[in-house]
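So the structure is just underneath, and the comments pick up after that.
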Amino acid sequence: MMVAPVPINEKERLAKVAEWCVMHQQHSGELAALVDMARSFFAVPVCLVSIVGECQQWFSAKAGLDLQATPRDVSFCAHTILQAQPLEVLDATCDPRFADNPLVTGEPGIRYYCGAPLLVENRIAIGSFCIIDTVPRPPLDQAQRTMLMAFGEMAMQIIAGMRRNNFHDQATGLFNRLKLECDVAAGLERGQPLTLLAVDIMSAEALSGIIRSLGYNFAHDLTLQAKARIASQLDNGLCLYKISPTRFAVLLEDAENVLPLCQRIVAALQAPAQCHQIPVLLDAGIGIAPISPQGEDRNSLEWMRRAVAAADTARRTAGRHAWYQPEVDAAQRRAFMLLASLSRALHSDDELSLHLQPRIELPSGRCRSAEALLRWQHPVLGEVSPAEFIPLAEKTALMANLSLWVMRAVLRILGCTRGLDFSVSFNVTARDLESAGFMDALLHALQEQAVEPQRVQLELTESVLIEQPEEVQQQLLRARQAGIVIAIDDFGTGYSNWAYLTQIPASIVKLDKSLVHRASSGGREALLVQSLAGLANELGYRVAAEGIETAEQLVRVCAWGCVEAQGYFIARPMPAAAFRAWFDDTQLAGSVA
């Protein structure tokens, strides 16, 4: 058996194969009908549209054959692509190139073969349109040969139509993500290092807001304006791709020109886009990621994920363009993993838990309440700080489920400590109070478990009133009327607006630990904190101080008029069972100090 020699333009040919026959193409009814027609016209048992790849040939359409593909070294079509005219083999058993070919000596028992090359741009053969018989046949006459070539041309027209559908973004007319994947694959096949620019014109949330407010047509026209601005900055030969609703891409072989190009694109996108007489500021970011012919880039889309991650980072930088940074990406991937794991943890019995940190009365030192603090023991990552996972959860729908989990865990603790004189506080977010759902669940659970409402304290910051003040205020009033205690947490940071305080039916104000620590130096800081505590007292609030770490701080906040204190000097957060033992011991002793 003679293996077909490799064409001298094999790299270019394989690039065309990748471009025109991406992912071996989906099934085409038109191609299937065409091979059936050809099989009938030539009265042969087998007709194929064969694409010759690097190591195999596969069949984009076939009639009369069960095989989906064969190795390239036994392919008749691998010989056909070496010429511009049809290759005809009248009896394969008599042809030294094919006599001992397993497709001849075994199934399907090829005797006659004639294939017309499938030509791209009339010069590069990517495969053949071939007819096959299991008995020898006389040669085709000129009319038959012409007809076979016509079938091949029709097959290429169908493949070209599939290519257009596969490779073009209908909304913008640009090449799409599939075409980008194909072009990257072709470049890597040539051993060419590449650089990808992911140009993100705005966040997905911003686009969603535009669609909600101004409609799809507005968003479409805005995208076309961004496309035109980006395209105007591209050098000849560079291709622009549309790879997501908010994202374009540019693929470069010469990395030396990356930064100047990024700077031009950023400058082009900075001016407001006038769309339907409405000026819109884009929020662009360009991620830059190298693509290597070695490693995982050849067999995965990791290169695209890296560019997209860098684009998200770039939007938060001054220059609006950023190279992919593994350490930044690792943090983003960890965040994603935590969110994915948190959903599972909510249904696990041994990952999430509550620790309780005591809060004492001043000046008696007796414990009357504790703050519930969420802890997460991840099965792989170990202990994950709430300072890490709660801000992530607050950006997703998981936060509502997390708040419900904490609420139910607090009520279980209170249900197991009936008759003891202490309450438990836990934090609620603005999202928890934007509708009646959370408060309905809390009030129902209190009644169902027969827990005294006054043993529950809700801690919240003034910021909960920012977005939907009326609904939030209504839910807080429901809580207050039921007997639940409301505390304003982290007072002295963020907004700290007395006008907000008058709208929140709270009875406790908790001075943030940063205020307590800053006031330790004395002077104006101490006077300011003392004044805040005094004013809160005059307005009828119980003032609690957080972050007490020394005896001096405890004495100072007591002198300011604070009636409660919490911090490591008093006690660290502890599991519920340990808190119960600690509480019993301090009650017997009479006070913490």
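The numbers here are math on the coordinates, done by the rules we state, and not lab data. All values derive from a computational prediction rather than experimental measurement. We place every Cβ from the backbone using ideal geometry, glycine too, and count neighbours over all the protein chains shown.
Taking all Cα pairs closer than 8 Å and separated by 6 or more residues, the relative contact order of segment 10-167 comes to 24 percent. Where a ≥ b ≥ c are the square roots of the eigenvalues of the C-alpha gyration tensor, would you call segment 1-96 rounded, which needs a/c under 1.5, or, failing that, prolate if a/b is larger than b/c, or oblate? Oblate, since a/c reaches 1.5 and b/c is not below a/b.
Protection proxy ranking of 396-408, 178-190, by the mean of other Cβ atoms within 10 Å over each peptide's residues and highest first, is 178-190, 396-408. You can think of it this way: the chain between GLU525 and ILE8 has 178.1 nm of extra reach, that is 0.36 nm per residue less the Cα-Cα gap. Shown for the chain: lysine pairs separated by 8 or more places, or found on different chains, whose C-alpha atoms are under 22 Å apart, numbering 7. As a length-normalised measure over Cα pairs under 8 Å and 6 or more apart, the relative contact order of the chain settles at 8 percent. In this calculation the C-beta distance from SER435 to GLU30 is compared with R0 = 60 Å, giving a FRET efficiency of 0.70. The distance between label points at ALA340 and SER300 comes to 1.1 nm (points 7 Å beyond Cα on the Cα→Cβ vector). If the label point is 7 Å along Cα→Cβ of ARG97, which residues in segment 113-132 have backbone nitrogen under 16 Å from it? The answer is 113-118, 125-132.
Please report the spacing between the Cα centers of segment 175-246 and segment 98-150 in Å, no decimals. A separation of 42 Å, based on Cα centres. Counted by Cβ distance under 12 Å from GLY483, the other residues give a net charge of +2, where Lys and Arg count +1 and Asp and Glu count -1.
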